[in-house]
Amino acid sequence: MSLAHEAPLSGWAEPFPGANYLRQTLAVAESDIRKLIHDPVELFTRMVQPVLWLLIFGQVFNRARAIPTGGISYLDFIAPGILAQSVLFGAIFYGISLIWERDLGIVQKFLVSPAPRSTLVLGRAISSTARSLCQMVFVYLVALLLHVQLRFGILQLAGVVAAVMLGSAIFSTFSLIVACLVKSRERFMGIGQVLTMPLFFASNAIYPLSLMPGWLRAISQVNPLSYQVDALRTLMIVGGSSAFGIGKDFLMLLAAFAVVMAVATKLYPSIVT
Amino acid sequence: MENAPDSGSNAIEVLSLTRRFGTLVAVDHLNFSCASGATFGLLGPNGAGKSTLIKMLTTLLPPSEGTAKIAGFDLVQHPEAVRRKIGYVSQMLSADGDLTGYENLLISAKLYGIPRAERARRIAQAFEFMDLAHVSGKRVRQYSGGMIRRLEIAQSMLHRPSVLFMDEPSVGLDPSAKRSVWERIRELRREFGTTILMTTHDMEEADHLCDRVAVMHNGVLAAMDTPAGLKAQVGAEATLDDVFIHFTGATISEGGDLRDVARTRSTTQRLG
Ligand SMILES: Nc1ncnc2c1ncn2[C@@H]1O[C@H](COP(=O)(O)OP(=O)(O)OP(=O)(O)O)[C@@H](O)[C@H]1O
Ligand SMILES: [Mg+2]
């Protein structure tokens, strides 16, 4: 059979500027999402932790009324924090797949393609956000069952989706950076364990900033998780209020994403050397 | 073809290319060139620097010194332009086992910016050509080693590269799978005039496929000629095995550190 004598491709020309960039970015995301569809077990295992936190921690402290939550119940107060936590825990180990795929030679295949390095990073961030949206749906279901006072306005929901996606993109890309720096699975798991809890506790996820000692509050205020939680608390819960202002929340999240994107794009090719 | 340069009689020109790892010089001021359309074979014992050379030529690994021109583009100055011109089949079996064969090719085609209509045509053709159409919807982890290799070669050719790099394309394959891979490689050459640079430990493979062969040892080229020319240099009745031993002082099965053993094992595992 004959393969040759193809007409040259007039079609490398883009239908609109950036079309190719978009296509490449989405191809990277698609690769990962297709794997998730083939084997969605991971999505289900991720659902256990938020249930435990809401059901046990949330319920118990709800009765204790030990934490000042500004007029809403403690369960309502931590529901956004637990959503953020579930997104964080899902995203923070995402980088290990990069190390895994490097060992299999898959990352090398992406890197020899002409796709700009930033599409390789952005595509992975997008696939991580797809996972986070599944977690969001699940946390909403559990919260409903526990009678958390959720808001369902279109704008509020859109805002929650945006905050969830941004948080997931930030922490999964941060995780890629860690993977590029440590390069081995063992070291990555070690560092991942060490990072997760401090990120979580040095935030306003389960107690307000006002309760924190000064040093912890200072750390919390540079932790993107705090801004994600603040935005979620404002948008998700009836009577929820913002400590930073919703505009500042999203600005800080966008800034954090820009920083991790830039660093990860720079480091990404070094994963194979 | 796509995005200019090429032309010129050499598809690959390696200019004083060097790579160090700490104090180890894995590739040591190499200079050589490959004529357009030719198949160039690199022989050498484990650790000779073959994979390191290929990783530099495919832009995966930055050189410590020197550069190379691939299809008319400078590797160091215009890596993106080089990437548009090359295909790469790595030493590992690296098709994504968690995706189907079709999905593997689809993602590649999108990464290379091949427009939708053309994409479908080329993918269908690739499966046909590689005799994999019946398994295109199966996940690659169910493929045999020979099928994975054929899929990877198809994948690396979707965008019709001018230069194809293959690192030990038939390692770990049984004799008939190997033959079938060789056949496809020759066919591709005939159809597209692709320049091929491949590494191998397999003398029969080198004899079969390569127009020119270089023997690499400790990061430098110990000899370079046509297979027949190399044999003539060593002696009247010489085989490529004799050539290899003559220039490297090693037998082919000799050498190989822990890393090589581990890698061979993991390749074997993936072959299932
Ligand atoms: N990332 C690395 N860090 C340190 N040393 C390396 C690295 N990659 C390769 N080397 C060393 O460089 C030398 C050349 O390795 P290379 O993989 O290029 O050999 P090769 O000719 O491909 O061998 P094989 O036939 O086993 O595939 C070896 O001594 C190897 O240990
Ligand atoms: Mg090698």
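The values are calculated or read from the model by the stated rules, or taken from the named source; none is laboratory data. Because the structure is predicted, anything quoted here is derived from the model rather than measured. Positions of Cβ are generated from backbone atoms using ideal geometry, with glycine treated the same way; all protein chains shown enter the neighbour counts.
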Output for segment A:88-100, where each listed residue is buried (at least 22 other Cβ atoms within 10 Å of the Cβ) and more than 17 Å from A:Gln193 (Cβ to Cβ): A:Leu98
Count of residues meeting criterion [within 22 Å of A:Glu14 (Cα to Cα), more than 20 Å from the chain's Cα centre (by Cα) and facing another protein chain (nearest Cβ under 7 Å)] in segment B:83-110: 2
Candidates A:Phe57, A:Phe110, A:Phe61, filtered to the one that is surrounded by fewer than 20 Cβ atoms within 10 Å (Cβ to Cβ) and either within 14 Å of chain B (Cβ to nearest Cβ) or closer than 18 Å to A:Met47 by Cβ (or both): A:Phe57
Test: residue in segment B:104-125 that is closer than 27 Å to B:Ile12 by Cβ and within 14 Å of ligand 1 (Cβ to nearest atom): no
Top-ranked residue of segment B:182-204 - restricted to ones that are more than 16 Å from ligand 1 (Cβ to nearest atom) and surrounded by 21 or more Cβ atoms within 10 Å (Cβ to Cβ), ranked as nearest to B:Pro45 (Cα to Cα): B:Ile196
Criterion violated by A:Ala115 - all others in (1) surrounded by 22 or more Cβ atoms within 10 Å (Cβ to Cβ); (2) among the aliphatic types (A, V, I, L, M); (3) part of a helix (DSSP H, G or I) satisfied: (3)
Complete set of residues in segment B:141-159 that are more than 18 Å from B:Thr59 (Cα to Cα) and not in a helix (DSSP H, G or I): B:Tyr143, B:Ser144, B:Leu158
Breaking point among (1) outside any loop (DSSP other than H, G, I, E, B); (2) touching a strand residue (DSSP E or B) at 6+ places or on another chain (Cβ under 6 Å); (3) more than 16 Å from ligand 2 (Cβ to nearest atom), for B:Arg119: (2)
Residue check for B:Gly66: buried (at least 24 other Cβ atoms within 10 Å of the Cβ), away from chain A (no Cβ under 11 Å) and modelled with pLDDT of 95 or more: no
Unmet criterion (only one of (1) assigned to a helix (DSSP H, G or I); (2) at pLDDT 90 or above) for B:Glu204: (2)
Any chance A:Leu104 is without any contact (Cβ under 8 Å) to a residue 12 or more places away in the chain, facing chain B (nearest Cβ under 8 Å) and surrounded by fewer than 22 Cβ atoms within 10 Å (Cβ to Cβ): yes
Residues within segment B:72-82 that are crowded, with 23+ Cβ neighbours inside 10 Å and either facing chain A (nearest Cβ under 7 Å) or in a loop (DSSP other than H, G, I, E, B) (or both), tallied: 1
Hits in segment A:17-43 (condition: farther than 18 Å from A:Cys134 by Cβ, touching a helix residue (DSSP H, G or I) at 6+ places or on another chain (Cβ under 9 Å) and surrounded by fewer than 16 Cβ atoms within 10 Å (Cβ to Cβ)): A:Leu22
